[in-house]
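The values are calculated or read from the model by the stated rules, or taken from the named source; none is laboratory data. Only a predicted model underlies this, so the values are computations on that prediction, with no experimental measurement involved. In this analysis, Cβ positions are derived from the backbone assuming ideal geometry, glycine residues included, and neighbour counts consider all displayed protein chains. Surface accessibility is based on the protein's heavy atoms, side chains included, excluding ligands, DNA and RNA. Shrake-Rupley method; radii C 1.70, N 1.55, O 1.52, S 1.80 Å.
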Amino acid sequence: QVQLVESGGGLVQPGGSLTLSCAASRNIFGFSVMGWYRQAPGKERELVARVRQTGFTDYADSVKGRFTISSDSAKNTRYLQMNSLIPEDTAVYYCQGSLYGVDYWGKGTLVTVSS
């Protein structure tokens, strides 16, 4: 059973920073791709950032230069460092991983950017 557990969400003021964590129940480098998605109220889920098994990363245009994916292999954890947050970043953030053609999802963590 593959599990992905997000943490680190919360309330932050505009211009602030947060780091989200995604703890996996197995070696994160076994996933062909792992990503962060978000879903804002009344909107569809969208890709924020992802990293492939090769190490290649790509980011949504709306977060380029502000968000960064990183990893800690010893902890089987991926991180999403989010800087210069704006109200439009408010959403539930989900961790996703693809393993042998199957997509796995965490339950999400809420990020609210508001003054």
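Overview of results
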quantity	calculated
Entirely in region 59-115, the strands (runs of 3 or more DSSP E) that have 1 or more residues that are of a type in the set (Gly, Ala, Ser), at pLDDT 95 or above and touching an Asp or Glu at 6+ places or on another chain (Cβ under 8 Å)	91-99
Tally, over region 85-101, of residues that are open to solvent by 40 Å² or more (accessible area, probe 1.4 Å) and over 23 Å from GLU44 (Cα atoms)	1
Any chance LEU110 is open to solvent by 80 Å² or more (accessible area, probe 1.4 Å), over 16 Å from GLN3 (Cα atoms), of a type outside the set (Phe, Trp, Tyr) and out of contact with any Lys or Arg (no Cβ under 6 Å at 6 or more places or on another chain)	yes
Residue count for region 1-47, restricted to those that are within 23 Å of ARG66 (Cβ to Cβ), part of a strand (DSSP E or B) and open to solvent by 70 Å² or more (accessible area, probe 1.4 Å)	2
Which numbered condition TYR104 misses (of (1) touching a residue at least 60 places away in the same chain (Cβ under 8 Å); (2) open to solvent by less than 40 Å² (accessible area, probe 1.4 Å))	(2)
